[in-house]
Amino acid sequence: MEPLNLSFLEFSSPCRLFFTCVVVLLASISLVSSASNVTDKLALLAFKSAITEDPYGALSSWNQTTDHCQWHGVRCGRLHHRVTGLDLQNLELSGSISPHIGNLSFLGVLMLNNNSFHDKIPQQVGHLHRLRVLQLFNNTLEGEIPKNLSGCARLTWLRLGFNRLVREIPVELGSLLELQFLTLPRNYLTGTVPSSIGNMSSLEILSLGGNELGGNLPQALGNLTKLKCLAVPANRLSGTIPPSIFNISSVALFDI
């Protein structure tokens, strides 16, 4: 009996090359994913190192031996296991916001409100191009609102009220076309209400009360056809309310 010819099972040279490329590609993807996950973990540990008080021990699970996707307040994507959310609100945390937060390149939600974070909002937050929700209200943050938050083009919520922020509202924020909530009350903001806010075609809530804003309300606010609430009391505004604002049928609350 002749031996069974199994040559048909052998790969041709092009096939061997193709499958070799596939194996190398999959290995490369795995290495990149692993390196990215390490970057996320290191960024979170750097964030923790800037915390000076944690009265409830909320960050006690944040250590080298535990999977960072299991840490308190951390949410990760199911497929890539990258950090997509950081929810540490209402924990009485004290400290500063580490600039390493900008290394969480998949972060979509950052909620640090109702704590005691101080110092400036790091410029690196503006590098989070996937960010949709930024809530830092009711802390003791100082300095200016970073102009480069305009780079977070997917932002829908920007809530920075009840801090100690100073200087003008950045004109650059007017490029945030998906923004629905812009709340900056009870800071020390000066200058005028920028007319570029009128470009925020998705804006529903505009709350700027309790600052030191002056000048007239811009006519461009009349372009905000989805606006439901306009609250700018306790400022130093002058002049009359632009008639164009009264043409917005969706407005349910005026507080000027």
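The residues of segment 185-202 that are among the hydrophobic types (A, V, I, L, M, F, W, C) and in contact with a helix residue (DSSP H, G or I) (Cβ under 7 Å, 6 or more places away or on another chain), listed by number, are Ile197, Met200.
Do we find that Asp54 is in contact with a Leu (Cβ under 7 Å, 6 or more places away or on another chain), farther than 18 Å from Asn103 by Cα and either hydroxyl-bearing (Ser, Thr, Tyr) or modelled with pLDDT of 55 or more (or both) in this structure? Yes. Filtered by the rule that a residue be surrounded by 14 or more Cβ atoms within 10 Å (Cβ to Cβ) and either out of contact with any Ser or Thr (no Cβ under 6 Å at 6 or more places or on another chain) or on the phi > 0 side of the Ramachandran plot (or both), segment 62-75 gives Trp62, His68, Cys69, Gly73, Val74.
With respect to being over 16 Å from Leu59 (Cα atoms) and either among the β-branched types (Val, Ile, Thr) or out of contact with any helix residue (DSSP H, G or I) (no Cβ under 7 Å at 6 or more places or on another chain) (or both), Phe106 fits the description.
Restricting segment 236-253 to residues that are more than 28 Å from the chain's Cα centre (by Cα) and under 23 Å from Asn187 (Cα atoms) leaves a set whose member that is surrounded by the most Cβ atoms within 10 Å (Cβ to Cβ) is Leu237. Every listed requirement among (1) surrounded by fewer than 18 Cβ atoms within 10 Å (Cβ to Cβ); (2) modelled with pLDDT under 95 is met by Ala231 save one, (2).
Within segment 155-167, the set of residues being part of a strand (DSSP E or B), under 19 Å from Leu203 (Cβ atoms) and of a type outside the set (Phe, Trp, Tyr) comprises Leu158, Arg159.
All conditions but one from (1) under 22 Å from the mean Cα position of the chain (by Cα); (2) within 19 Å of Asn138 (Cβ to Cβ) apply to Pro233; the one that does not is (1). Scan segment 78-86 and tell me whether some residue there is surrounded by fewer than 19 Cβ atoms within 10 Å (Cβ to Cβ), more than 17 Å from Arg130 (Cβ to Cβ) and not aromatic (Phe, Trp, Tyr). No: segment 78-86 contains no residue that is surrounded by fewer than 19 Cβ atoms within 10 Å (Cβ to Cβ), more than 17 Å from Arg130 (Cβ to Cβ) and not aromatic (Phe, Trp, Tyr).
The values are calculated or read from the model by the stated rules, or taken from the named source; none is laboratory data. All of these numbers come straight from a predicted model, not from anything done at the bench. Cβ sites come from the backbone with ideal geometry, for glycine too, and all protein chains shown count toward neighbours.
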